[in-house]
Amino acid sequence: MTTASLSGRKVLLIVGGGIAAYKALELVRLLKKSGAEVMSLLTPAGAEFVTPMSLAALTGHPVRQALFMPEDETAMGHIELSRWADLVVVAPATAGLIAKAANGLADDLASTTLLATDKKVLLAPAMNVRMWLHPAVQANVARLKGFDGFHGVAVVGPDEGEMACGEFGPGRMAEPAAILAAIQGLLAGPDGRPLAGRRAVVTAGPTFEPIDPVRGLTNRSSGKQGYAIATALAELGAEVTLVSGPVALDAPVGLNRIWVESAREMQAEVQKHLPADIAVMSAAVADWRVDGVASGKIKKAPGGPPSLALIENPDILAGVSKPGKSRPKLVIGFAAETSDLEANARAKLSRKGCDWIVGNDVSDDVFGADGNAVTLFTKDGGADVWPRQSKTEVARKLAARIADHFKA
């Protein structure tokens, strides 16, 4: 997580309804610790999950709850609130609050404040997976992101995981630390995003090396970690090109996804999009391919299975790391290991010539899973251990470290 100070910055936190509202209390604590001044607005549904007294004690300010309160509206309280803040954060952002904001409805304090603000808004959605995936909700989020004007709407999350209702999928509100990182990003940089103006190339997923028209060599990479990294970099303002092997994932919003199949196709697309500031090579590229792909399906024969002659695929990471005009300013590789993680990761860091290596033990419950435990190894001998957490959170931490690197 980035360590940028929020000293002197003002954040208005709108707390919507839902079980995730309890996380708003931890978010306030983190914001205050970072130096921000926080005021809160609690919706009636939000008050069913957290109390005004809790928010008031943590923020040090009275909690606003109703649109028509004489002590507020004599000074047009919703206007005052919307102008006071440097950033308006909605956490949790329910489907109802998102719908009101997207369609210009203003029938309560929260929706009126969102419509009246002249500041950027950060939404942290939280809802049931079916609600989040509903076309109406997706359309409302896309509409909010696409509004033209002098301010805009950013979105952090939602994360995937088990929900309070027992279902599983995207819809969990982002963790408070991730929301804090997004807030720090929005309040930093020339246009509010620390990686604005930076170009990034990210590879993700497996490659597939054909044996014949129906078979091939591949691996179990789902692409989830690479897609999360591409999304996190885009959230911080980077212009991202995602070069993806065959995966069952939707294209992230706001970046350029390029489909490839083989290692050679991936290498060609990566080289085509250099030079760049950042390269994150998270794809699980097949080390070998068949020397001569059969033109027809290889059939079973009495002599037993065929012998396959293998040849090495191009080393994409080493090629990107090679000194020259097209080398990115920061090159990050991945080391997926089943034993001796540190020794193997550091050896790869030296051998490939990259700047950082993200090492992870893939011997148990990593491929296809939503969580990951990694260690970030750097050329200067550093090793930052990140305990198991969602791949989204790993991605946001890595993106924040990248932003800090360029800031330094």
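Quick look at the values:
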quantity: Loop-exposed trypsin sites (Lys or Arg not before Pro) per DSSP, neighbour cap 14 Cβ within 10 angstrom, longest uninterrupted part of the chain; calculated: 1-219
quantity: Quarter of the Cα convex hull surface for the chain, i.e. its orientation-mean projected area (nm²); calculated: 22.8
quantity: Entries of LYS325/LYS348; LYS10/LYS145; LYS32/LYS379; LYS23/LYS119; LYS33/LYS379; LYS10/LYS397 with Cα pairs more than 28 Å apart; calculated: LYS32/LYS379; LYS33/LYS379
quantity: Quotient of Cα Rg and 2.2 N^0.38 Å for the stretch 79-142, N being how many residues it contains; calculated: 1.11
quantity: Gap separating the Cα centres of the stretch 189-255 and the stretch 118-157, nearest whole Å; calculated: 22
quantity: Dmax and Rg, reported as Rg then Dmax, of the stretch 199-407 (C-alpha, Å); calculated: 17.4, 65
quantity: 222 nm mean residue ellipticity, helices alone, for the chain (DSSP H n ≥ 4; -39,500 (n - 2.57); rounded to 500); calculated: -9500 deg cm²/dmol
quantity: Antiparallel content of DSSP bridges confined to the stretch 199-407, in %, to 5; calculated: 40
quantity: Among ILE183, THR241, SER307 the positive-end extreme of the charge dipole of the chain (Cβ point charges); calculated: SER307
quantity: Assigned charges on the beta-carbon of Lys, Arg, Asp, Glu; the chain dipole about Cα centre (debye); calculated: 940
quantity: Debye, to nearest 20: dipole size of the stretch 199-407, +1 on Lys, Arg Cβ, -1 on Asp, Glu Cβ; calculated: 420
quantity: Cα→Cβ-extended label distance, 7 Å offset, between HIS134 and ALA251, nm; calculated: 2.7
quantity: Rg followed by Dmax, in Å, when the stretch 10-186 is reduced to its Cα trace; calculated: 15.0, 46
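No value in this document is a laboratory result; all are computed from the given coordinates. Please read all numbers here as calculations on a predicted model, not as lab measurements. Every residue, glycine as well, gets a Cβ built from its backbone with ideal geometry; the counts of neighbours run over all protein chains shown.
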